[in-house]
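The next block holds one structure in the form of structure tokens; read it before the comments.
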Amino acid sequence: FPMTMHPESEDISNTVHHYFLFQIGQDKYAVPLLGVREVSELGEIRRVPNTVDAFVGLMNLRGTVVGVIDLAKRFGVDSQNAASRALFLVESADTILGAIVDRILAVVEFLPEQIDSNAQIITPISAEFIKGVARLNQDIIPILNLAKVMDHEEFVALPRSKTPTAS
């Protein structure tokens with residue numbers, strides 16, 4: 001299912017953008033703010049059998065079924081502090097997905113000179129998920145390609161229902 005969040009053809013280093021900054025493990029990451037629908041409480045999640053580990057399950061968000069993905073598991077990194085975990089939602093044309101992260105940090109503005117869309121960095125996550133790198137104070141922040149992170153063949157068969165189903 002194609003994600004319609006932030007045009008991938010756009011060169012992210014040419015304009016000023018706002019980014020949603022969060023933490024997984026010890027590392028900070030950013031995604032374009034335009035790709036984030038909302039931040040929500042981490043509600044009760046119902047596990048779905050025979051799915052990949054990163055797909056935590058389904059939750060009912062105000063009458064809408066939302067598939068939930070744990071980004072720490074998705075990237076193969078250890079999660080820190082389970083008590084402070086948070087959820088943000090992204091939306092494609094017909095599906096809402098939740099992404100669990102360790103902490104939501106801030107909304108930040110990166111100026112063009114802070115972004116390098118050609119940087120080669122060593123990170124625990126796959127390079128295919130990284131769209132660029134931003135410098136924020138002393139930190140190097142990978143900017144994630146949210147469409148690639150959330151639009152993976154392992155998640156294609158997610159339910160698209162708008163109402164919860166009885167089991």
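The table for this structure:
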{"item": "Qualifying residues in region 29-60 (those that are within 11 Å of the chain's Cα centre (by Cα) and aliphatic (A, V, I, L, M)) - the one surrounded by the fewest Cβ atoms within 10 Å (Cβ to Cβ)", "result": "33"}
{"item": "Within region 47-85, considering residues that are of a type in the set (S, T, N, Q) and under 15 Å from residue 23 (Cβ atoms), the one modelled with the lowest pLDDT", "result": "81"}
{"item": "Selected residue [out of contact with any strand residue (DSSP E or B) (no Cβ under 6 Å at 6 or more places or on another chain) and closer than 21 Å to residue 24 by Cα] from 106, 147, 54", "result": "147"}
{"item": "Residue, modelled with the lowest pLDDT, within region 118-145, restricted to residues that are surrounded by 15 or more Cβ atoms within 10 Å (Cβ to Cβ) and part of a loop (DSSP other than H, G, I, E, B)", "result": "123"}
{"item": "Residue satisfying condition, being modelled with pLDDT of 85 or more and in contact with a Leu (Cβ under 6 Å, 6 or more places away or on another chain), within set 44, 38", "result": "38"}
{"item": "Selected residue (criterion: surrounded by the fewest Cβ atoms within 10 Å (Cβ to Cβ)) from residues of region 61-117 that are under 14 Å from the mean Cα position of the chain (by Cα) and among the basic types (Lys, Arg)", "result": "103"}
{"item": "Residue within region 67-80 that is among the basic types (Lys, Arg), free of Cβ contacts under 8 Å to residues at least 60 places away in the same chain and in a loop (DSSP other than H, G, I, E, B) present", "result": "no"}
{"item": "Hits in region 90-103 - residues which are assigned to a loop (DSSP other than H, G, I, E, B) and within 18 Å of residue 30 (Cβ to Cβ)", "result": "102"}
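The values are calculated or read from the model by the stated rules, or taken from the named source; none is laboratory data. Since this is a predicted model, take the numbers as computed values, not measurements. Cβ sites come from the backbone with ideal geometry, for glycine too, and all protein chains shown count toward neighbours.
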